[in-house]
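Q: Quick one: the structure is below, and I'll ask about it shortly.
The values are calculated or read from the model by the stated rules, or taken from the named source; none is laboratory data. None of the values given here were measured: they were computed from a predicted structure. In this analysis, Cβ positions are derived from the backbone assuming ideal geometry, glycine residues included, and neighbour counts consider all displayed protein chains. Just so you know, the surface numbers come from the protein's heavy atoms only, side chains and all, with ligands and any DNA or RNA stripped out. Shrake-Rupley method; radii C 1.70, N 1.55, O 1.52, S 1.80 Å.
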Amino acid sequence: MIWMFSFARSGSSLLHDVLCEAFGYAKVYEPFGFRPERCLDSETFEFVQDYFRGAPDFPELPRYQIEDYYIGHVPQRSFGSRELKPYRERLKTYFMEIYEKYGNAVVVKCIRQLGNIQLVDLVLTEIDAAPRYLLLTRNPFEIAYSYYRMGGLFNGSSWRVPQLFEYRKRMYLGEDAFLDTLFGRARGNLDKLICAVLADYWAFDQAEREVKCLRLGYEMFMRRPAAELDRIRSFVGVEPGSMLTHAI
């Protein structure tokens, strides 16, 4: 079971398609935003989609706070807390259905919950899945340019840059002095988007200390796709003979 985490506009859709085709794996696309087609429990999905969204509306932000943290970035000290239990149980129910319907031969692409990789790992381990984690990064300015080309930096855009920034500011404020400085200096939407990307990449750094992950760079993958695909294959344990080489 491969879980690939990335910020939006990082080339994750391309890599998702390549991995599924090369390994012969099923595909789950952004399960925190869209219900997987084989999963039928709409009630649980809607709960997960609501509470684990990546950019809540400003007036709704207090609803996502639990004690002194936000549900988008749960500290490890709170994993076993009574307050988190209802959210953790719903997440477990949802992951169980995904696992039951797709098994381990699946690639799950996530652009939300980059700050919760350790929590995701805890829940997947509880249901006896065998997750492998890929962390895909891209130059933040290339991400920003992609947002710009899609009209995502304009105020009122459906890409929700101000909401992305504000939620990450609340999630990560006080965790790192460099990020705190960035949060305080960000003014326009370009500043806010770059800051949001760097904040989630900081969360990648923390996840790598606790969970076995493989970090990938979009730019490197585009330069040497065959070599990077082989590196991924070795990490996730796919036998070379089972790969469909025409995928690259």
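Q: Out of region 26-52, which residues are among the hydrophobic types (A, V, I, L, M, F, W, C) and either in contact with a Pro (Cβ under 7 Å, 6 or more places away or on another chain) or in contact (Cβ under 8 Å) with a residue 60 or more places away in the chain (or both)?
A: 26, 28, 32, 39, 52
Q: Out of everything in region 47-74 that is among the charged types (D, E, K, R) and outside any loop (DSSP other than H, G, I, E, B), what residue ends up being least open to solvent (accessible area, probe 1.4 Å)?
A: Ranking the qualifying residues of region 47-74, first place goes to 50.
Q: May I ask you to say which residue of 109, 101 is in a strand (DSSP E or B), touching a Pro at 6+ places or on another chain (Cβ under 9 Å) and in contact (Cβ under 8 Å) with a residue 24 or more places away in the chain?
A: The match here is 109.
Q: Here's a follow-up. For region 167-248, which fully contained helices (runs of 4 or more DSSP H) count at least 3 residues that are open to solvent by 20 Å² or more (accessible area, probe 1.4 Å) and under 30 Å from residue 104 (Cβ atoms)?
A: Result: 189-210, 218-223, 225-236.
Q: Follow-up. Do any residues in region 204-227 that are in contact (Cβ under 8 Å) with a residue 24 or more places away in the chain and over 30 Å from residue 79 (Cα atoms) have Cβ atoms under 6 Å from those of residues that are surrounded by fewer than 18 Cβ atoms within 10 Å (Cβ to Cβ) and among the aliphatic types (A, V, I, L, M), where the two are at least six apart or on different chains, and which pairs are they?
A: From residues that are in contact (Cβ under 8 Å) with a residue 24 or more places away in the chain and over 30 Å from residue 79 (Cα atoms), the pairs are 225/248.
Q: Take region 130-166 and flag every residue that is under 30 Å from residue 237 (Cβ atoms), part of a loop (DSSP other than H, G, I, E, B) and either open to solvent by 40 Å² or more (accessible area, probe 1.4 Å) or free of Cβ contacts under 8 Å to residues at least 12 places away in the same chain (or both).
A: Scanning region 130-166 gives 130, 138, 139.
Q: Look through region 7-29, keep the residues that are among the hydrophobic types (A, V, I, L, M, F, W, C) and part of a helix (DSSP H, G or I), and return whichever of them is surrounded by the fewest Cβ atoms within 10 Å (Cβ to Cβ).
A: 14
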